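Here's the structure, in structure tokens; my notes come after.
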Amino acid sequence: MAGRDSSNLGLYLIALLGSLVGLALLDHRFKLVFFRDWLAGSVAIAIGVAFFLMWDLFGISNGIFFRGHTHGLTGIMLAPELPIEEIVFLTILCYTTLEVFLGLGRFVHGRRDRRVAKNK
């Protein structure tokens, strides 16, 4: 059983990092966040991560959130009940939100612009 546990060590972090690579590839292809304006993207994601990190710390301090028992985590803790994977997850959450919001905005405005041009 101990060998099985250690073989999964860090698997969740690897999956999260793979997801970040996928988001970066989408970003590069469609120029949505960092490949459009890296400074604005960085600030937006940093603010989002800071907000959700404060939310997490509040939940942890009140006993609402806890790490739980899983074998996929690295075991690296930034604070009690706050694994390093949480920061990567929050980054993915904010990055995904920005990409969806900006991508949908581009799609909606593009359709509107084509419709207006067609009616002229």
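Please treat every number below as a calculation from the coordinates, not as lab data. Being a predicted model, the structure only gives us computed values, none of them experimental. Backbone-built Cβ (ideal geometry, glycine too); neighbour counts: all protein chains shown.
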Vicinal HN-Hα couplings computed from phi for segment 43-53 (Karplus, 6.51 cos²θ - 1.76 cosθ + 1.60; Hz; Gly/Pro x): 5, 4, 5, 4, 5, x, 5, 4, 4, 5, 5
Size of electric dipole in the chain: Cβ of Lys, Arg +1 and of Asp, Glu -1, about Cα centre, debye, nearest 20: 1120 debye
In nm, spacing of pseudo-spin labels at Ile14 and Phe66 (7 Å Cα→C-beta vector): 2.9 nm
Farthest positive-ward along the chain dipole, Cα basis, beta-carbon charges - from Thr96, Asn119, Leu13: Asn119
For Leu78, distant residues with modelled amide H under 5 Å away: Ile84
Simple spin-label estimate for Leu78 and Phe51 in nanometres, 7 Å along Cα-Cβ: 1.7 nm
Degrees between helix 11-30 axis and first principal axis of the chain (Cα, 0 to 90, nearest 10): 10 degrees
Three principal axis lengths of segment 2-119 [C-alpha, angstrom, descending]: 67, 33, 23
Under Karplus coefficients 6.51, -1.76 and 1.60, residue-wise ³J(HN,Hα) of segment 72-88 in Hz, glycine/proline x: x, 7, 6, x, 7, 10, 7, 7, x, 6, 10, x, 4, 4, 5, 5, 5
